[in-house]
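Worksheet for the structure shown next.
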Amino acid sequence: MHDRVMALTLLTDAVAGRLSAAGLTYGEAGRTAGVLPPGYHHQRRTAAIGSGPDAFAGAASALLSWQVHLRAGLRVCASSARAEPGAVLILGLGAGPLRITAPCRVVYAVDEPDRRGFGYGTLPGHPECGEEAFIVERHADDTVSFTIVAFSRPASRLAKAAGPAGRAIQRQTTTRYLRALAGGR
């Protein structure tokens, strides 16, 4: 975990408008909610994060207000303070000239009594193309889990050149997301 959590920054209307008008960089929008498409690297990870209705409500609130990403050490500049369909965002990882920026759009939301979350897809300028979903679920035994499902492939020359190192960065970022809701365990 990072010692300092960044604050959410809202995008300017001009940047939000430009991103909202951009098309997704892949054709399989919404597929993290079902069968993942072939031709991509797939990832699915789940962590137990607590139990009971309070744990579920707290985790869902944190997830939908971008706190998972912020607690994982990413910069988040979004068009909306909540993850909702159509919201656009730019994620930032790293610092200065080593910063990677990743524009995304929320393509769907899950709002069920015991399941909450969203999936976002990549926009032009993202080093990868694909989709990632973040779902908090309260199970019949009252345990609460956090699941991340993704499919992706390199979209930029830099991402292609990174090869296995790029996948390692993705795995590390996913671990940081999971830890962000599990209290750093």
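Counting only residues that are open to solvent by 50 Å² or more (accessible area, probe 1.4 Å) and closer than 14 Å to GLN43 by Cβ, segment 144-163 holds 1 of them.
Selection over segment 1-28 of residues that are surrounded by 16 or more Cβ atoms within 10 Å (Cβ to Cβ) and out of contact with any helix residue (DSSP H, G or I) (no Cβ under 9 Å at 6 or more places or on another chain) gives a count of 6. When we screen ALA16, ALA7, ALA29 for residues that are of a type in the set (Gly, Ala, Ser), at pLDDT below 95 and not in a strand (DSSP E or B), the only hit is ALA7.
When every residue of segment 154-173 is checked against the conditions, at least one turns out to be in contact with a Gly (Cβ under 7 Å, 6 or more places away or on another chain) and small (Gly, Ala, Ser). For segment 33-47, the candidate set comprises residues that are over 23 Å from ALA168 (Cα atoms) and of a type in the set (Gly, Ala, Ser); within that set, the residue that is most open to solvent (accessible area, probe 1.4 Å) is ALA33. Evaluating GLY50 against the criteria (1) surrounded by 18 or more Cβ atoms within 10 Å (Cβ to Cβ); (2) farther than 30 Å from ASP142 by Cα; (3) more than 18 Å from the chain's Cα centre (by Cα) leaves one unmet condition, (2).
The values are calculated or read from the model by the stated rules, or taken from the named source; none is laboratory data. Model, not experiment: these values are computed from the prediction. With ideal geometry, Cβ positions are generated from the backbone for all residues, glycine too; neighbour counts draw on all protein chains shown. SASA here: full protein model, heavy atoms, side chains in, ligands and nucleic acids out. Shrake-Rupley method; radii C 1.70, N 1.55, O 1.52, S 1.80 Å.
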